Amino acid sequence: MVGEARRAATALAGSLGFGETGRGRVAIVATEAATNLSKHATGGEILIQGIEAGEFGGVEILALDRGPGMADVDRCMSDGYSTAGSPGTGLGAMSRLSGTFDVHSLPELGTAALSRLWAGASPGASSFAGLEFGAVSVPLAGEEVCGDCWAIDGDEGRALVLVVDGLGHGPQAAEAARKAVGSFAEAAARLEPAEVLKAAHAALGGTRGAALAVARIDRERGEVRFAGVGNISGVIYGSVDEAGRTSMVSHNGTVGHTVRKIQEFVYPWTPGSTLIMHSDGVATQWRLDRYAGLSAKHPGLIAGTLHRDFRRPRDDATVVVARDCGPGRP
């Protein structure tokens, strides 16, 4: 696992324009993450993907496990502390080398560690339209392409988030998802969620079809406009019910085939709110309040944890998380 993770991460970094020193940083972080999994984890995995923040390109390394977890994360971050007889420099080294680093761990539940490294100078918090994002999108085991896709577009103070699940899995599902993303890219800057759905419905004719949902977060108006068709789940944390969780409504149907009704719903959005959208490759019985401290962590850790604990093994799976940076932040 260690060598495979290092080679995959380094190759991706090279394709994204990392120089020799940058590729070396990526290699060290991937090696430390994989080594930690091999020593401590049960059911661990490493997810590696390319990321963007404006003109910045980067590599994200997300290590997930169901190991014993850490009762004292700060202590485990200190160089020289180890529970496995190693030098104890893993998490500390990962943190120092990363542009963005965060970790969440609970005893008996496992650990999620996120590292983002950039080809050039770090863009800092890498927020977009006043929001921080994280996502996981992985194909069914054995497939080379993912039938799920996601995309984000928008401008200052407003962002549109798309999650699409091509029917089934494999190349034909991926084709439908890619066409939906292409239609979204053409329409997102000028259309509302319901209109984006209508455009995607026309674009997906002749494909296998897809489930699709679009959320438009408007920080100035304090609202989310949401439209969905099919089994894409959307939840807002931070408003409405007594548990702070609002489930958004999608209608039945298949985009590109049979869509009986396209309807927008409007939900409140407050500073610090979090939007979570996912395909039906992730079960719906999760709740963030079962994970102490997770809601305050990087959105990528939230996405990774839900993927780790609630992914259904017979389908592609995608989770996208967007969190408001809060008042006074761009």
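The values are calculated or read from the model by the stated rules, or taken from the named source; none is laboratory data. Owing to the predicted nature of the structure, the values given are computational and were not obtained by experimental measurement. Ideal geometry is used to build each Cβ from the backbone, glycine not excepted, and the neighbour counts take in all protein chains shown. SASA here: full protein model, heavy atoms, side chains in, ligands and nucleic acids out. Shrake-Rupley method; radii C 1.70, N 1.55, O 1.52, S 1.80 Å.
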Failed condition for Gly222, given (1) within 24 Å of Gly326 (Cα to Cα); (2) within 21 Å of the chain's Cα centre (by Cα):
(2)
Quick check on Ala187: is it modelled with pLDDT under 90, open to solvent by 20 Å² or more (accessible area, probe 1.4 Å) and out of contact with any Pro (no Cβ under 6 Å at 6 or more places or on another chain)?
no
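Take the residues of segment 268-306 that are of a type in the set (Ser, Thr, Tyr) and touching a Lys or Arg at 6+ places or on another chain (Cβ under 8 Å): which is nearest to Leu167 (Cα to Cα)? Let's see the steps before the verdict.
Kept after step one, since they are of a type in the set (Ser, Thr, Tyr), are these residues of segment 268-306: 270, 273-274, 279, 284, 291, 295, 305.
If we keep only those that are touching a Lys or Arg at 6+ places or on another chain (Cβ under 8 Å) as well, we get 273-274.
Numbers: Ser273: 31, Thr274: 27 Å.
The residue in question is Thr274.
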Of all the residues that make up segment 219-269, how many are open to solvent by 30 Å² or more (accessible area, probe 1.4 Å), closer than 25 Å to Ala180 by Cβ and not in a strand (DSSP E or B)?
10
Output yes when any residue across segment 161-179 is in contact with a Leu (Cβ under 9 Å, 6 or more places away or on another chain), in a loop (DSSP other than H, G, I, E, B), among the charged types (D, E, K, R) and at pLDDT 95 or above, and no when none is.
no
Is it fair to say Val164 is open to solvent by less than 20 Å² (accessible area, probe 1.4 Å) and either touching a helix residue (DSSP H, G or I) at 6+ places or on another chain (Cβ under 6 Å) or on the phi > 0 side of the Ramachandran plot (or both)?
yes
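Scan Leu275, Leu191 and give me the residue that is aliphatic (A, V, I, L, M), without any contact (Cβ under 8 Å) to a residue 12 or more places away in the chain and farther than 18 Å from Gly147 by Cα.
Checking each option against the conditions leaves just Leu191.
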Taking the condition modelled with pLDDT of 95 or more and either buried (at least 23 other Cβ atoms within 10 Å of the Cβ) or among the aromatic types (Phe, Trp, Tyr) (or both), does Leu12 pass?
no
Search segment 45-56 for residues that are closer than 18 Å to Pro139 by Cβ and pair each with any residue that is modelled with pLDDT of 80 or more and open to solvent by 40 Å² or more (accessible area, probe 1.4 Å) when their beta-carbon atoms are under 7 Å apart and the residues are at least 6 apart or on different chains.
Ile48/Ala8; Ile48/Leu12; Gly50/Leu12; Gly50/Leu16
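Does at least one position in segment 67-83 carry a residue that is closer than 23 Å to Glu4 by Cβ, open to solvent by 20 Å² or more (accessible area, probe 1.4 Å) and either modelled with pLDDT under 90 or outside any loop (DSSP other than H, G, I, E, B) (or both)?
Step one: filter segment 67-83 for residues closer than 23 Å to Glu4 by Cβ, giving 67.
Add one more test, that the residue is open to solvent by 20 Å² or more (accessible area, probe 1.4 Å), and what stays is none.
Checked segment 67-83: no residue is closer than 23 Å to Glu4 by Cβ, open to solvent by 20 Å² or more (accessible area, probe 1.4 Å) and either modelled with pLDDT under 90 or outside any loop (DSSP other than H, G, I, E, B) (or both).
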Run Ser273 past the list (1) open to solvent by 10 Å² or more (accessible area, probe 1.4 Å); (2) modelled with pLDDT under 95 and report the number of the one that doesn't hold.
(1)
